[in-house]
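These notes are about the structure you will find just below.
The values are calculated or read from the model by the stated rules, or taken from the named source; none is laboratory data. Computed from a prediction, not measured in an experiment: that's the story for all the values here. Please note: Cβ atoms are built from the backbone with ideal geometry, for glycine as well, and neighbour counts cover all protein chains shown. With ligands, DNA and RNA removed, areas are computed over all heavy atoms of the protein, side chains included. Shrake-Rupley method; radii C 1.70, N 1.55, O 1.52, S 1.80 Å.
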Amino acid sequence: MSKITTELLLERAVPRSTRLRKIETLNLSKLQLKTGDLDPRLFSRLRHLQKLDLSDNLLDKFPNSLTLPDLRVLNCNNNKLEDVTALKQFPLLEELTYENNVYLTLNDDYKVMFLLQNLRLLNGKDITKLANHVRRVNSRKLTSKVTAHWEKFFRDQLPEKYTAEQVKSIKKKFLKSVQTNVVYGPSSLSEFTRWRVKMIAEEFLAYSLGLELNTDPEPEEKMDENEEESTESPREAAEDVAQVVYIYNPLVTVTPSKRKRNHSKPGSGNKRSKSQADTKEEAVANPRSAEPLHFLQCHSKGNSREDFKTQLWSCVFEPLLDCGARKDPIVSSSRTVATCGGESVCLIDCETGTVLKKYKVATEEFFTVAWTTLTMVISNSRKKSHNILAAAGRRGIVKLIHVAADFCYGEIKAHKKPIATVCFSPTRETHLFTASYDKRIALWDIGIPDCDYNFKASQLLVLEALAIPLRIALVPTCPDQYLLAGCEGGCFAWNIKLDKEKKSRPFEAIFQFPSEDGGMTTSHRVDGLAFLNDDVVVSKSSKLGCIYLWSWSRSFDTKGKGCQRTVSTVILAELEWSTTDLSYLTLSTCPAKEYVFCGDEKGSVWMYNLSNYTTAWSSAKGKRSEKRIPPTQILKWPELQVNGEQLTEVLINNVVSDPTFTYLAVLTSVNITAIWKKS
């Protein structure tokens, strides 16, 4: 039953009224109204309504037939609106506000300015001059470009005598081509431009070829692989997720045959061959401490349900906006995790398994994602915090995504070669480090976008490496001074203080680790690197089957002078791990719970609870643990059935927990994201 009745409308009228047709001002704010509560049959009786307040409700759109012919003022603040095109049914509208509808963007502002010819005030600002520019100058420019595109590429394709089928075919091709190739204005308005171009192109064809003009908005066609980028709504994203049936038995281990990995990052070569040692089967602890929740196939190329080859590389949990997560990583986070791999970045609700949002760039292969929280000016000089997601990969371009608005507002052409990993500074929210296959790590200030999403990015620093950087970590006790990097050819440290004059800097230290022959080496691939706490570093791999824990403060003298020192690491302990020689199975840590996680080549997740060791290691005279520390638990890969067949040969590329270790996000080599929950 609808929340809105005749009695309610009469009661909420200002002033109260006895007849619906006499109401001129109506306040329906703070009623928890949803779109379905707006009954067109009831609203059609409000023939003289001029002012309507629908603020602080739950509306996601407007019905197309509310029939309010005299409406002049509309307040939709603090709703969940996703689209504004239905507002064209109110042609006399003069004042419109829809602030704090996080899914609406600058593109929607331009749409309503075009659609509502009488609109003077938008979100409290006088938009008369800008609206006239949008309606006249912008439209004139786009019409000229659309016409030129037809004349140059399509006019000669249509014979003098044409059939209805030929017209239909050329119309489809023209609409797709013109939306792709006609560009005008800033990239932040690309969605509005495509929308207007399609509208103009349809009007042009209707006039030139005598076609019937379709006045109803149609969903935009999906972009092909030659087009740039797209976003999907939660419903569309959910439809892209294949349903993977799984049968979980923690006592059954999936045992794949030996295999080669063919889908890897650039320059990887042949990386993996040996299988996990049988002795590790005994390391399984209580099988009920974590249980699988969801197995999602949401990064498929072209949304193909048959794609079990796309590699998934990076994931990170979204910080909560009200807990200061940017400044203190050891706090509660949301249950939303961002994942990347192939052409897409996904946001997943770990509890429900819902793909909340999906962002795609058909020509990209994403390798890395990172969060930051920016305080942005939204309107009337008011400020609000928003989470921003940075995503990068093979093209060397960083995409900046305002997630709540479902909008990629900009990009930084950071490197000419692929970007392996990125991370934000925990103390300076606009400072972003990008590590690339060009053997450089760059520090960028991404700036803060204004209310029109204009921003300015600048490069602050370039760190020169001797090898490709794979993993980077800022030292927790001095994140503005030192950065560590695990590279193809060793582990390095740089001084990153910005008060130094040199913008381009060599490394300050390279670290030595034990080698297979019993000596020490600096030349080895370090494909896993993270801090367990303020001092303990976790890294792999200079020896097979081994993850090292070592002390930053006891290994590196921050008061030492001179560059390119060779430093011996002070090893605190070794963790038992798979004896595989396959690379790029990276590790992660959960500092709040003192856990280390690392996946293997058999689909298992190795978990190490080190809370019983860290106190001894913190002592200045803390001794190295003599024996390798076994995993506290190994989460076995369940039996997964896809189309009736068991899914095997699964590599775990990455595994990350939220800061409270409630959820584990596990990324695989077979386009499956697994979500586990601690029970």
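For the range 352-441, please list each of the strands (runs of 3 or more DSSP E) lying entirely inside it that holds at least 1 residues being under 30 Å from Thr97 (Cβ atoms). Can you show your working first?
Values: elements: 354-361, 366-379, 382-393, 397-402, 407-413, 419-424, 431-436.
Output list reads 354-361, 366-379, 382-393, 397-402, 407-413.
Inspect the range 581-598 for any residue being over 26 Å from Ile510 (Cα atoms), out of contact with any Pro (no Cβ under 7 Å at 6 or more places or on another chain) and basic (Lys, Arg) and give the result as yes or no.
yes
Being hydroxyl-bearing (Ser, Thr, Tyr) and open to solvent by less than 40 Å² (accessible area, probe 1.4 Å), is that true of even one residue in the range 162-174? Even if it seems obvious, please write down each step before you answer.
Applying the first criterion (hydroxyl-bearing (Ser, Thr, Tyr)) to the range 162-174 yields 162-163, 169.
In the following step, the residues that additionally are open to solvent by less than 40 Å² (accessible area, probe 1.4 Å) were identified as none.
No: the range 162-174 contains no residue that is hydroxyl-bearing (Ser, Thr, Tyr) and open to solvent by less than 40 Å² (accessible area, probe 1.4 Å).
Kindly list the number of the only condition in (1) more than 17 Å from Val536 (Cα to Cα); (2) open to solvent by 10 Å² or more (accessible area, probe 1.4 Å) that fails for Leu640.
Just one mismatch for Leu640, condition (2).
Tell me, please, whether a residue that is in contact with a His (Cβ under 6 Å, 6 or more places away or on another chain), aliphatic (A, V, I, L, M) and over 20 Å from Cys451 (Cα atoms) can be found in the range 156-175.
Restricting attention to the range 156-175, the residues satisfying the condition of being in contact with a His (Cβ under 6 Å, 6 or more places away or on another chain) are none.
For the range 156-175, residues in contact with a His (Cβ under 6 Å, 6 or more places away or on another chain), aliphatic (A, V, I, L, M) and over 20 Å from Cys451 (Cα atoms): absent.
Condition test on Ile419, is it open to solvent by less than 10 Å² (accessible area, probe 1.4 Å), aliphatic (A, V, I, L, M) and assigned by the TED database to the domain that holds Asp499?
Here the answer is yes, as Ile419 does meet what is asked.
Which residues, counting only those in the range 43-72, are of a type in the set (A, V, I, L, M) and either surrounded by fewer than 17 Cβ atoms within 10 Å (Cβ to Cβ) or in contact (Cβ under 8 Å) with a residue 40 or more places away in the chain (or both)? Even if it seems obvious, please write down each step before you answer.
Of the residues in the range 43-72, the ones of a type in the set (A, V, I, L, M) are 46, 49, 52, 54, 58-59, 66, 68, 71.
Across the range 43-72, the qualifying residue is only Leu58.
What single numbered condition from (1) open to solvent by 70 Å² or more (accessible area, probe 1.4 Å); (2) assigned by the TED database to the domain that holds Asp83 fails to hold for Thr97?
Among (1) open to solvent by 70 Å² or more (accessible area, probe 1.4 Å); (2) assigned by the TED database to the domain that holds Asp83, Thr97 violates only (1).
Residues that are hydrophobic (A, V, I, L, M, F, W, C), modelled with pLDDT under 95 and in contact with a Pro (Cβ under 6 Å, 6 or more places away or on another chain): does the range 287-310 have at least one?
Going residue by residue through the range 287-310, those that are hydrophobic (A, V, I, L, M, F, W, C) are 290, 293, 295-296, 298, 308.
Subsequent filtering for residues that are modelled with pLDDT under 95 retains 290, 293, 295-296, 298, 308.
Narrowing the set further to residues that are in contact with a Pro (Cβ under 6 Å, 6 or more places away or on another chain) leaves none.
No - not one qualifying residue is present in the range 287-310.
Read through the list (1) over 31 Å from the mean Cα position of the chain (by Cα); (2) open to solvent by less than 50 Å² (accessible area, probe 1.4 Å), then give the number of the only condition that Arg471 fails.
The number of the failed condition is (1).
Closer than 22 Å to Val422 by Cα, surrounded by 21 or more Cβ atoms within 10 Å (Cβ to Cβ), over 30 Å from the mean Cα position of the chain (by Cα) and of a type in the set (A, V, I, L, M, F, W, C): which single residue out of Ala485, Ala509 fits that description?
Of Ala485, Ala509, the one residue that is closer than 22 Å to Val422 by Cα, surrounded by 21 or more Cβ atoms within 10 Å (Cβ to Cβ), over 30 Å from the mean Cα position of the chain (by Cα) and of a type in the set (A, V, I, L, M, F, W, C) is Ala509.
Report yes if Lys129 is without any contact (Cβ under 8 Å) to a residue 12 or more places away in the chain, open to solvent by 30 Å² or more (accessible area, probe 1.4 Å) and part of a helix (DSSP H, G or I), otherwise no. Step through it out loud before you land on a result.
Numbers: without any contact (Cβ under 8 Å) to a residue 12 or more places away in the chain: yes; open to solvent by 30 Å² or more (accessible area, probe 1.4 Å): yes; part of a helix (DSSP H, G or I): yes.
So Lys129 passes the test.
Scan the range 571-620 residue by residue and report those that are more than 20 Å from Ser289 (Cβ to Cβ), crowded, with 17+ Cβ neighbours inside 10 Å and among the hydrophobic types (A, V, I, L, M, F, W, C).
Correct list: Leu572, Ala573, Leu582, Leu585, Trp617.
So that you can scan it fast, the table gives a plain yes or no per residue for (1) touching a Leu at 6+ places or on another chain (Cβ under 7 Å); (2) polar (S, T, N, Q):
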{"site": "Ala131", "(1), (2)": "yes, no"}
{"site": "Val134", "(1), (2)": "no, no"}
{"site": "Leu142", "(1), (2)": "no, no"}
{"site": "Glu151", "(1), (2)": "no, no"}
{"site": "Arg155", "(1), (2)": "no, no"}
{"site": "Lys168", "(1), (2)": "no, no"}
{"site": "Val178", "(1), (2)": "no, no"}
{"site": "Ser188", "(1), (2)": "yes, yes"}
{"site": "Met199", "(1), (2)": "no, no"}
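Quick one: is Arg440 surrounded by fewer than 21 Cβ atoms within 10 Å (Cβ to Cβ) and at pLDDT 95 or above? Walk me through it before giving the result.
Numbers: surrounded by fewer than 21 Cβ atoms within 10 Å (Cβ to Cβ): yes; at pLDDT 95 or above: yes.
Yes: the conditions hold for Arg440.
Could you figure out which of (1) free of Cβ contacts under 8 Å to residues at least 60 places away in the same chain; (2) out of contact with any strand residue (DSSP E or B) (no Cβ under 7 Å at 6 or more places or on another chain); (3) closer than 18 Å to Trp371 by Cα isn't true of Val422?
Among (1) free of Cβ contacts under 8 Å to residues at least 60 places away in the same chain; (2) out of contact with any strand residue (DSSP E or B) (no Cβ under 7 Å at 6 or more places or on another chain); (3) closer than 18 Å to Trp371 by Cα, the lone unmet condition for Val422 is (2).
Residue-wise test of (1) open to solvent by 10 Å² or more (accessible area, probe 1.4 Å); (2) out of contact with any helix residue (DSSP H, G or I) (no Cβ under 6 Å at 6 or more places or on another chain); (3) under 28 Å from Ile127 (Cβ atoms); (4) of a type in the set (Val, Ile, Thr).
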| residue | (1), (2), (3), (4) |
| --- | --- |
| Leu389 | no, yes, no, no |
| Val398 | no, yes, no, yes |
| Phe407 | yes, yes, yes, no |
| Glu429 | yes, yes, no, no |
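Residue by residue through the range 372-387, note down the ones that are open to solvent by 30 Å² or more (accessible area, probe 1.4 Å) and of a type outside the set (Lys, Arg). Break it down into steps so the answer makes sense when it comes.
Restricting attention to the range 372-387, the residues satisfying the condition of being open to solvent by 30 Å² or more (accessible area, probe 1.4 Å) are 375, 377-378, 380-385.
Matches in the range 372-387: Thr375, Val377, Ile378, Asn380, Ser381, Ser385.
Which numbered condition in (1) within 20 Å of Thr586 (Cα to Cα); (2) surrounded by 22 or more Cβ atoms within 10 Å (Cβ to Cβ) is the only one that Pro659 fails?
(2)
Kindly list the number of the only condition in (1) open to solvent by 10 Å² or more (accessible area, probe 1.4 Å); (2) closer than 24 Å to Ala420 by Cα that fails for Ile672.
Evaluating Ile672 over (1) open to solvent by 10 Å² or more (accessible area, probe 1.4 Å); (2) closer than 24 Å to Ala420 by Cα leaves (1) as the failure.
Of all residues in the range 619-661, which are part of a strand (DSSP E or B) and among the small types (Gly, Ala, Ser)?
Residues of the range 619-661 that are part of a strand (DSSP E or B), as a first pass: 629, 633-635, 639-642, 645-647, 652-657.
Once the filter is applied, which keeps residues that are part of a strand (DSSP E or B) and among the small types (Gly, Ala, Ser), the range 619-661 yields only Ser657.
Within the range 454-467, is there a residue that is open to solvent by 20 Å² or more (accessible area, probe 1.4 Å), among the small types (Gly, Ala, Ser) and out of contact with any helix residue (DSSP H, G or I) (no Cβ under 9 Å at 6 or more places or on another chain)?
Yes, because at least one residue in the range 454-467 is open to solvent by 20 Å² or more (accessible area, probe 1.4 Å), among the small types (Gly, Ala, Ser) and out of contact with any helix residue (DSSP H, G or I) (no Cβ under 9 Å at 6 or more places or on another chain).
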